[in-house]
Amino acid sequence: MVVIMVDDLGYADLGCYGGEIETPHLDKLAANGLRFSQFYNTAKCHSSRVSLLTGQYCIAAGDTALSHAVTSAEVMKQAGYFTAMSGKWHLKKEPTDFGFDRYFGHLSGACNFFKGDRTFRLNGEPWQVPEKGFYTTVAKIDFALKFMKEAREASKPFYLYVAFNAPHAPLHALPEDYKKYKGRYDMGWDKMRDARIAKLKKEGVIPADLKESPRPPHVRAWDKLVPWQRDYEINRMQTLAAMIDRVDQEVGRLVEDLRKNGELNNTMILFVSDNGACPYDRKPPLLNVEPTNGQVAFGDSTGWAWARNAPFRFYKQNQFEGGISTPGILHWPKGLKTKPGAVVDTPAHLIDVLPTLADLGGAKIPTKHASRELRPVSGVSLRPVLEGRELARKEPIYLQFSTDFGLRDGDWKLVSFKGQKWELYNLAKDRAENVNLAVKHPERVKAMVAKWRQMSREVLHSEKLANAEIKPAEKVKSNGQWTKFSDSEEPPKKRAGQRKRKKKP
């Protein structure tokens, strides 16, 4: 069993999800497996990792401490699996404290791709990042391959969890990958988004009659950008594309290793993302540079994030589809009974990963633990979907990060932006959430809000959320960290409000 999670990937970033980025290895997994068109996460890095590992919503599991949960590694280890992880942890303690026999990666939420940071660990011990020849995306697969070799030598089936940090900021790419995308994004985000939506429809990932969300007021039309900002944005997307391309290349290395060892046919590979594309533009513009080393890096772009999340609205942290719906690819030739290349419209969530692994691997999810007060998992096994049957889910899918709230119940979606007035959408007819039906269906809103508060109290054990105050809706949804667009022909020397850091004595 191999579970791969990427970081801040947009819905339409992969070739098999409408993108122009070259991802042949992931595309092939999709062509021989299945694609979920409605695979959900929590819209945020650490909370998605908690849900993937525990089968619970983040707060219910005890948040980053995992104090009310067991992990998939602990569950699969008891069933005789060799358990290994390579990549970003972003939770408390270390993976080796939660059932992983082997671990390589960084405990931090993000780091320099070339230089790493001081949180790198190898099997519980500090690991020194090399001064030269290092790039995190490559290193993570280097160690994943070593761990799989150890599992074979131990004659054990393995459960491998690979957590890439790409394409999370800081944005910088390997020189050969960066060079490959030079000139490809001169068309800008409006045309790129249109092309991605057309491809998504052609491939049947979204309905042909789906009406996409329009460009929001906080994103400027590409042809209205001043030249320096346009050049800067082209450079940022070139870098993002290169980083995603590299993820695909490394997935290809892992798949080839499975093939070479005769394991690909009976290895379940699940590829997911922790949230949608990130809009938080936290670095001042850098012009006429190539971000191909550890000294130069870009921050994220709101405009490109909007285009990358096509055809949906909003971004990472928001509970609109752009924040929570991302690619979900499952490849398992021996086990899948669906037609190769099938697109599955059944909603799934990261909370379903643990129950699925346990079900397929013949493992039991414990209800008691020596030092943790366990709570029930909220996810369900996806086995019926893999066998081409209907999936039964007793409870709605609960959505929350910080003050962004939501609930998915059948075709209906309740959502709140930053704790503001509830909105209601019928996703069967309006997947891009263009038409708010809250005024038209007040009783449905009332019932769904009551259910969301009940789940907040009874499933998440959070009185704070259960009693969350809903604020009036702002006329224009905004965020102080979204990209600021300039009318000046000259780039700013530093971001407004940015202060020089004082040197420590």
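The values are calculated or read from the model by the stated rules, or taken from the named source; none is laboratory data. Model, not experiment: these values are computed from the prediction. So basically every Cβ, Gly included, is an ideal-geometry build from the backbone, and we count neighbours across all protein chains shown.
Descriptive notes on the structure:
- Test set (1) in contact with a helix residue (DSSP H, G or I) (Cβ under 6 Å, 6 or more places away or on another chain); (2) in a loop (DSSP other than H, G, I, E, B) - TYR398 fails condition number: (2)
- Residue among VAL247, VAL289 that is aliphatic (A, V, I, L, M) and either outside the structural domain of ALA151 (by TED's automatic domain parsing) or surrounded by fewer than 24 Cβ atoms within 10 Å (Cβ to Cβ) (or both): VAL289
- Residue pairs whose Cβ atoms lie under 8 Å apart, sitting 6 or more positions apart in sequence or on different chains, and linking a residue in region 349-376 that is surrounded by fewer than 19 Cβ atoms within 10 Å (Cβ to Cβ) to a partner that is in a loop (DSSP other than H, G, I, E, B) and β-branched (Val, Ile, Thr), are PRO366/VAL70; HIS369/VAL70; ARG372/VAL70; LEU374/VAL70; LEU374/THR367; PRO376/THR367.
- Scanning region 294-335 for residues that are among the hydrophobic types (A, V, I, L, M, F, W, C) and outside any helix (DSSP H, G or I) yields VAL296, ALA297, PHE298, ALA310, PHE312, PHE314, PHE320, ILE329, LEU330, TRP332.
- Only a single item in (1) more than 29 Å from MET268 (Cα to Cα); (2) of a type in the set (Gly, Ala, Ser); (3) over 24 Å from the mean Cα position of the chain (by Cα) is not met by GLY116, and it is number (3).
- Options TYR161, TYR103, TYR135: the member that is more than 29 Å from ALA65 (Cβ to Cβ) and either in contact with a Leu (Cβ under 9 Å, 6 or more places away or on another chain) or at pLDDT below 95 (or both): TYR135
- Of all the listed residues (SER67, SER37, SER86), the sole one being touching a residue at least 40 places away in the same chain (Cβ under 8 Å), in contact with a Phe, Trp or Tyr (Cβ under 8 Å, 6 or more places away or on another chain) and among the polar types (S, T, N, Q) is SER86.
- Criterion: within 27 Å of LYS477 (Cα to Cα) and either among the small types (Gly, Ala, Ser) or touching a residue at least 12 places away in the same chain (Cβ under 8 Å) (or both) - qualifying residue of LEU210, LEU270: LEU210
- All positions within region 152-189 that are closer than 18 Å to ARG246 by Cα and of a type in the set (Lys, Arg): LYS179, LYS180, LYS182, ARG184
- Among the residues making up region 388-412, those that are surrounded by 19 or more Cβ atoms within 10 Å (Cβ to Cβ), within 20 Å of the chain's Cα centre (by Cα) and not acidic (Asp, Glu) are ILE397, TYR398, LEU399, GLN400, PHE401, PHE405, GLY406, LEU407, ARG408.
- The sole residue among LEU374, LEU357 that is in contact with a helix residue (DSSP H, G or I) (Cβ under 9 Å, 6 or more places away or on another chain) and either hydrophobic (A, V, I, L, M, F, W, C) or part of a strand (DSSP E or B) (or both) is LEU357.
- Qualifying residue in region 443-454 (condition: closer than 29 Å to GLY62 by Cα, among the small types (Gly, Ala, Ser) and surrounded by 17 or more Cβ atoms within 10 Å (Cβ to Cβ)): no
- Some residue of region 196-203 being of a type outside the set (A, V, I, L, M, F, W, C) and touching a Gly at 6+ places or on another chain (Cβ under 6 Å): yes
- Some residue of region 167-188 being closer than 24 Å to VAL2 by Cα and either crowded, with 19+ Cβ neighbours inside 10 Å or without any contact (Cβ under 8 Å) to a residue 12 or more places away in the chain (or both): yes
- Scanning region 49-82 for residues that are touching a helix residue (DSSP H, G or I) at 6+ places or on another chain (Cβ under 8 Å) and among the aliphatic types (A, V, I, L, M) turns up VAL50, LEU52, LEU53, ILE59, ALA61, LEU66, ALA69, VAL70, ALA73, VAL75, MET76, ALA79.
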